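Input: a single structure, listed below in structure tokens.
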Amino acid sequence: MNALEVRNLTKTFDGITAVDNATFEVPEGSIFGLIGRNGAGKTTTIRMMMNIYMPDSGEVILRGTKVGQNFKNKVGYLPEERGLYKKMKVWDTLLFFSEIKGNAGKNVQKKANEYLKRFDLLDRKNSKIEDLSKGNQQKIQFISTILHEPEFIILDEPFSGLDPINTNLLREIIVEEKKKGKVIILSTHLMDFAERMCDHIAMIDHGKIILNGSLNSIKQKYAQKNISLTYKGDLSFLNSNPIIEKISDYGNSTGIKVKDASYIQQLLKLLIENKIEVKNFSANEISLQEIFIELAGKDEHELMEVANV
Amino acid sequence: MFNYRILGLLKRELNEKLLSKTFIIMTLALPALMFLIIGVQTLLMSYEGDEDTKLELITESDLLTNKFKTELDELPFIKNNYYSFEYNTMSKESFKDYLENKKEDLLSEKIQGIFFFSDSSKESKIIEYYSKAPKNATITQKLNSYFNKVLVENYFINKNLSENDLDFARKRVDFTGYKISKDQDIEEEGYGGLILSYILTFLLYISLIMMGQMTMQSVMEEKTSRVVEVLLSSVNSKELMTSKIFGAAITGVIQMAVWLTPIVLVSFTTIFALPTELAVNITVGQIIYLLFNFFLGLLTFLGLFAMIGSIFENAQEAQSGMWPVLMLIMIPFFIALSMVKNPSNPIVEIASMFPFANIIVMPARMTLIDVPLWQFILSIVVAIATIIAIFPVAGKIFRIGILRTGKKPKWSEVVKWLKYKD
């Protein structure tokens, strides 16, 4: 079942279409990734989902009804550009953001203490926000996003600016929240993060949704005839080979697409015959990044066809 | 109207504003500062800088010279050498040469001035005064009446008039003002009302600008620190703007109440014994009206200031956007000050019921004359109507502006925002 349905959202600013007829669904109990490069329209889409921006056209349906204040009450939002009151104390900040969600009292205070402890910030309770490091401010902002136990957690580029340890901690908490049945929507331009964490994704490019569905089904479809290869040697002999459709170099790995699935074994044989040192050969495997580059490179006509897997 | 979201925001606003050092200092220091300014001004006014003035008085007849000597030598400020006079008698012709000789002394201010009474001045009362600074009113004003007295006496001496008649002739007219009002007895009016009108005008002006700046600042801060996006994920922009404006308006009213306390004390108690001339008459009803009117004024202007704050990202940019709003405060301020000359001039009357101007002009007017009840009511109705008219516009611009970043928008773009769908 879908928790949220985004239908035909369009938003134009001064003649520039930021989001163009975006449609996708966020299933219940999932981690949903809205992925795309910087400036693709992720933040604008999220803002429309939360009623911060009014769409020019289209609507967002929350479990059967149009979103409004009811959704705002259920959501915890970590915006891409973090913002807290600089002169406010950590403790007051946490309680304030919880209070305007309608959550106050002993229970919130207890939870706030727990989170502060977990993020190793308990001793900074009475510090002013401006006295904290940037990373610590981020942590406070994250706590204030989830402190009121929202049903929906929307995280816009949640990992930017965090060190590896805190990135892990954050990921841990996200997975925990998912287990509690929360819906998590995260936007990111980091494909490998999305690939590791998300159950469902929508890929956005130039304001258009170019791909949308469960990660598994998407990968299944795009992985056909595709080989992900890590190797040492020179692949140039493959360039004119009739079984090869396309070779793409992604740095760490190389994606090779053959013209028919039956050519995969033949390719492996060719590699060995040509003295290529094969370190990793995954048939029918493709990374999200490969899919993205493949799609974002195509022109509009083809994009329309591949959408909605 | 006030849900938990607004209350939460409001609580934060009040916490931040009422407990801020700037606010507390301004609230307490301003009355003190005002008294200080008034004190310094009074001191400057009373200091004339004319001690140790040396003057010469010359007439063409010994008789007249002696008359002046007898009259002037009795004066306290001459007895104690505050002023000192040298007396001389000489003809008009020899005075010319004498003056030539004294030129050095006059220029070096060894003596401050020479009065010459020619024979004709006995009739014409035209006195020649030679000095480096003949327009210095302190000296001539001080001596005016004494010179006049001597000349008058000299003129009438052979005309058989009694001392009483002379006194009457010398006396000037004197106005005593009686204020006519509907429900009070006719009573002598001093300067209290005038001073009160000045004070109220200044307080309203200062507070509106101060609270306005504060609101604008805090909107811009939320905008640039991007807190606003987090806030808007919980509340809508109307709730945010409402709580901002109400927070500042409540703060402003509290501040005004503090500022009015001395006036109330002066008016209702005898703690400060003011001379009847300066007695301040203000009723409880007027105080309540004042605070209510001020609250409406704050809502009006803070709505505009919040709107301006949402459009711009820093104080420099906002300067250019602020002047139209400042004009709406400053023009009424000057109208209110002009009232001192004629409180019932028609411009003042219209302004006291005109949108924006009524907030500042009406309180000042009410302290000077009896304003008919219908005019009070009209003024309040206009104020409320203004708020109702402004808020949708300000709210819409606020909504768009608050999330907008990047280059400073043009006014034409801001107008376009009004057409955006919401």
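Yes or no, residue by residue, for (1) over 30 Å from A:Lys128 (Cβ atoms); (2) among the small types (Gly, Ala, Ser); (3) free of Cβ contacts under 8 Å to residues at least 60 places away in the same chain; (4) part of a helix (DSSP H, G or I):
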| site | (1), (2), (3), (4) |
| --- | --- |
| B:Phe2 | no, no, yes, no |
| B:Leu14 | no, no, no, yes |
| B:Thr27 | no, no, no, yes |
| B:Ile58 | yes, no, yes, no |
| B:Asn81 | yes, no, yes, no |
| B:Glu93 | yes, no, yes, yes |
| B:Asn101 | yes, no, yes, yes |
* To do: Mind listing whichever residues of the stretch B:18-39 are closer than 23 Å to B:Glu239 by Cβ and either more than 12 Å from chain A (Cβ to nearest Cβ) or exposed (fewer than 11 other Cβ atoms within 10 Å of the Cβ) (or both)?
  => B:Leu18, B:Leu19
* **Flag for B:Lys103 being modelled with pLDDT of 85 or more, outside the structural domain of B:Ala249 (by TED's automatic domain parsing) and crowded, with 16+ Cβ neighbours inside 10 Å** => no
* Could you say which residue among B:Leu57, B:Leu44, B:Leu9 is more than 14 Å from chain A (Cβ to nearest Cβ), surrounded by 11 or more Cβ atoms within 10 Å (Cβ to Cβ) and among the aliphatic types (A, V, I, L, M)? -> B:Leu57
* Positions within the stretch A:46-87 being open to solvent by 40 Å² or more (accessible area, probe 1.4 Å), under 23 Å from B:Gly401 (Cβ atoms), without any contact (Cβ under 8 Å) to a residue 40 or more places away in the chain and in a loop (DSSP other than H, G, I, E, B), in sequence order -> A:Met54, A:Glu81
* Which residues, taken from the stretch A:222-237, are among the basic types (Lys, Arg), modelled with pLDDT under 85 and more than 16 Å from A:Glu285 (Cβ to Cβ)? -> none
* Structure fact -> Restricted to the stretch A:134-148 and to residues being among the polar types (S, T, N, Q) and within 12 Å of chain B (Cβ to nearest Cβ), the residue surrounded by the most Cβ atoms within 10 Å (Cβ to Cβ) is A:Ser144
* How many residues are of a type outside the set (Phe, Trp, Tyr) and loosely packed, with under 14 Cβ neighbours inside 10 Å if we restrict to the stretch B:394-412? -> 5
* Does A:Tyr85 count as in contact with a Leu (Cβ under 9 Å, 6 or more places away or on another chain), of a type in the set (Ser, Thr, Tyr) and within 23 Å of B:Tyr4 (Cα to Cα)? -> no
* Asked: within 22 Å of the chain's Cα centre (by Cα) and not assigned by TED's automatic domain parsing to the domain that holds A:Phe24: does that describe A:Asn212?
  -> no
* Asked: Are any residues in the stretch A:92-127 part of a loop (DSSP other than H, G, I, E, B), within 18 Å of B:Val230 (Cβ to Cβ) and either free of Cβ contacts under 8 Å to residues at least 12 places away in the same chain or of a type in the set (D, E, K, R) (or both), and if so, which ones?
  -> A:Ile100, A:Lys101, A:Ala104
* Confirm whether B:Lys223 is assigned to a helix (DSSP H, G or I), among the basic types (Lys, Arg) and more than 10 Å from every other protein chain (Cβ to nearest Cβ). => no
* In the stretch B:302-325, which residues are surrounded by fewer than 16 Cβ atoms within 10 Å (Cβ to Cβ) and either touching a Cys at 6+ places or on another chain (Cβ under 6 Å) or not small (Gly, Ala, Ser) (or both)? -> B:Asn314, B:Gln316, B:Gln319, B:Trp323, B:Pro324
* **Residue among B:Ser352, B:Ser344 that is among the hydroxyl-bearing types (Ser, Thr, Tyr), at pLDDT 85 or above and either farther than 17 Å from B:Ile199 by Cβ or over 18 Å from the mean Cα position of the chain (by Cα) (or both)** => B:Ser352
* With respect to B:Thr224, determine if the residue is surrounded by fewer than 18 Cβ atoms within 10 Å (Cβ to Cβ) and at pLDDT below 85. => no
* **Residue tally, condition of a type in the set (A, V, I, L, M, F, W, C) and under 17 Å from B:Gly406 (Cβ atoms), over the stretch A:2-23** => 3
* Asked: What are the residues in the stretch A:90-131 that are open to solvent by less than 30 Å² (accessible area, probe 1.4 Å) and within 14 Å of chain B (Cβ to nearest Cβ), if any?
  -> A:Thr93, A:Leu94, A:Phe96, A:Phe97, A:Ser98, A:Ile100, A:Lys101, A:Val108, A:Ile129
* Structure fact -> For the stretch B:367-386, pairs from a residue that is of a type in the set (Gly, Ala, Ser) to a residue that is open to solvent by 50 Å² or more (accessible area, probe 1.4 Å), with Cβ under 7 Å and 6 or more apart or across chains, are none
* Restricting to the stretch B:384-422, what's the tally of residues that are outside any helix (DSSP H, G or I), within 13 Å of chain A (Cβ to nearest Cβ) and within 39 Å of the chain's Cα centre (by Cα)? -> 3
* Structure fact -> Within the stretch B:242-258, the residues that are open to solvent by 10 Å² or more (accessible area, probe 1.4 Å) and either within 12 Å of another protein chain (Cβ to nearest Cβ) or not polar (S, T, N, Q) (or both) are B:Phe246, B:Ile250, B:Val253, B:Ile254, B:Ala257, B:Val258
* Asked: Hey, does the stretch B:358-365 have a residue that's assigned by TED's automatic domain parsing to the domain that holds B:Leu208, surrounded by fewer than 19 Cβ atoms within 10 Å (Cβ to Cβ), among the charged types (D, E, K, R) and touching a helix residue (DSSP H, G or I) at 6+ places or on another chain (Cβ under 9 Å)?
  -> no
* For B:Asn236, are the conditions met, namely being within 14 Å of another protein chain (Cβ to nearest Cβ) and either modelled with pLDDT under 90 or on the phi > 0 side of the Ramachandran plot (or both)? -> yes
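Residue-wise test of (1) open to solvent by less than 60 Å² (accessible area, probe 1.4 Å); (2) more than 30 Å from A:Glu25 (Cβ to Cβ); (3) touching a strand residue (DSSP E or B) at 6+ places or on another chain (Cβ under 6 Å); (4) modelled with pLDDT of 85 or more.
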| residue | (1), (2), (3), (4) |
| --- | --- |
| A:Ser217 | yes, no, no, yes |
| A:Gln220 | no, no, no, no |
| A:Asn239 | no, yes, no, no |
| A:Ile243 | yes, yes, yes, yes |
| A:Glu285 | no, no, yes, no |
| A:Leu295 | yes, no, yes, no |
| A:Leu303 | yes, no, yes, no |
* Asked: Is it true that B:Ile111 is in a loop (DSSP other than H, G, I, E, B), in contact with a strand residue (DSSP E or B) (Cβ under 8 Å, 6 or more places away or on another chain) and not acidic (Asp, Glu)?
  -> yes
* **Unmet criterion (only one of (1) within 14 Å of chain B (Cβ to nearest Cβ); (2) within 24 Å of A:Ile218 (Cα to Cα); (3) in a strand (DSSP E or B)) for A:Ala18** => (2)
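The values are calculated or read from the model by the stated rules, or taken from the named source; none is laboratory data. Everything quoted here is computed from the prediction, not taken from an experiment. When we count neighbours, we look across all protein chains shown, and the Cβ atoms used for this are built from the backbone with ideal geometry, even at glycine. For accessibility, only protein heavy atoms count, side chains too; no ligands or nucleic acids. Shrake-Rupley method; radii C 1.70, N 1.55, O 1.52, S 1.80 Å.
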